[in-house]
1. State yes or no: is A218 surrounded by 15 or more Cβ atoms within 10 Å (Cβ to Cβ), under 15 Å from A242 (Cα atoms) and over 20 Å from the mean Cα position of the chain (by Cα)?
2. Looking at S120, S151, which one is open to solvent by less than 10 Å² (accessible area, probe 1.4 Å) and either over 16 Å from D12 (Cα atoms) or at pLDDT below 95 (or both)?
3. Search the range 69-87 for residues that are closer than 13 Å to T59 by Cα and pair each with any residue that is of a type in the set (F, W, Y) when their beta-carbon atoms are under 8 Å apart and the residues are at least 6 apart or on different chains.
4. Exactly one condition in (1) in contact with a Gly (Cβ under 7 Å, 6 or more places away or on another chain); (2) crowded, with 20+ Cβ neighbours inside 10 Å is false for V233; which is it?
5. Here is a list of conditions, (1) within 16 Å of the ligand (Cβ to nearest atom); (2) at pLDDT 95 or above, and G104 meets all of them except one; can you say which number that is?
6. Does A306 satisfy the condition of being within 28 Å of G104 (Cβ to Cβ), surrounded by fewer than 22 Cβ atoms within 10 Å (Cβ to Cβ) and out of contact with any Pro (no Cβ under 9 Å at 6 or more places or on another chain)?
7. Please go through the range 253-308 and give me each residue that is small (G, A, S), in contact (Cβ under 8 Å) with a residue 60 or more places away in the chain and more than 24 Å from V141 (Cβ to Cβ), ordered by number.
8. Considering each residue of the range 1-27, count those that are crowded, with 16+ Cβ neighbours inside 10 Å, modelled with pLDDT of 95 or more and outside any strand (DSSP E or B), and give that number.
Amino acid sequence: MTDAIAGTTALDLVTIGEPLVQLSADEPGPLRAARHFTLSAAGAELNTAIVAARLGLRTGYVARVGADDPGQVVLAELRANGVDTSAVTVDPERPTGLFLVQRGYPRPDASSSVYYRTGSAGAGLDPADVPAGYLAAARAVHFTGISLAVSDGLRTACLDAAGRLAGSGTLVSFDVNLRRKLCTVDVARKHADAALVHADVVFCGRADAAALFDTEDAESAAAYLASYGARLVAVTDGAGGAVLRTDEATVRVAAPPVAVADPTGAGDGFAAAVLTGLLQQRAVADIAERASLVGALVCTVRGDHAGAPTAAELDTLQQGAWVSR
Ligand code: KDG
């Protein structure tokens, strides 16, 4: 399929966000005790683009990276996973943002992040950088509350795109993704309100919904978020599973039990699998099952997306047909 932009192939999913490089501690424990780290590309919307590409979607990413080695890491990882980078621009002045990940401490299943992203190239995205035709030609466009919190430019780019695309046939997908280290709950709530009114697909963690919207559990959070008008709402609750709600059905799915190496990025993988299932016109229960498998697998490997399966691996697992030897 060729789109309005001469010579390019229309994409299934385009995400907009701030790319970061991640240094994840090789050993669990307090960051101050860590001596060895693994470097990889990250950022919520980058993760979703990569995992969706692995699951079979044609994906693209709109962002700015720095003209530095971390920027090269970001571009190389996107390209290695088949994500279109034609809308990634290189900022000659600002550096690529960075964060450190502490794993398994003070809680064994939890990770935490220390950010070095103020003034990053990604935060410097100018709304004028965003190719409107590239987004309009896609079947879905996804961004998160992180992009809304990071800078005025990134927020304007996302909300302008959502407003333009709403009702156009391109699905607008929004993951609330509260980051208390980036903005207050009150500000995040205002940002979320501005995006939710345009969103066809909404993702939110149960705990984020409780903090932002005062909802009690995943079901009430899904009902509350659906009242903005989305056709699919997914509320995730880590090891507690997830709830997917559409006009026709509400499905609760358990989280497959896994040995958690690092839960960072699990929600982005879950969102990628939901969007893939939706665009493949799968049934809601099927989408829920596949997304919970992907979210769980992301947790088993350090890094935000290294544990995500390919489409074939996911099929095999879902069918219970995986054999070890
Ligand atoms: O969901 C994973 C993200 O949290 C991580 O990649 C970094 O974008 C990031 C953030 O703001 O935490």
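The values are calculated or read from the model by the stated rules, or taken from the named source; none is laboratory data. Here the structure is a predicted model, which is why all the values come from computation and not from measurement. Cβ sites come from the backbone with ideal geometry, for glycine too, and all protein chains shown count toward neighbours. Ligands, DNA and RNA are excluded from the accessible area calculation, which covers all protein heavy atoms including side chains. Shrake-Rupley method; radii C 1.70, N 1.55, O 1.52, S 1.80 Å.
1. No, not satisfied.
2. Every option except S120 fails the conditions.
3. Taking only residues 6 or more apart or on different chains, the pairs are L78/Y61; V83/Y61; D84/Y61; T85/Y61; S86/Y134; A87/Y61; A87/Y134.
4. Status for V233: all satisfied but (1).
5. The number of the failed condition is (1).
6. Yes, satisfied.
7. Listed by number, the residues that qualify are A261, G303, A306.
8. 5
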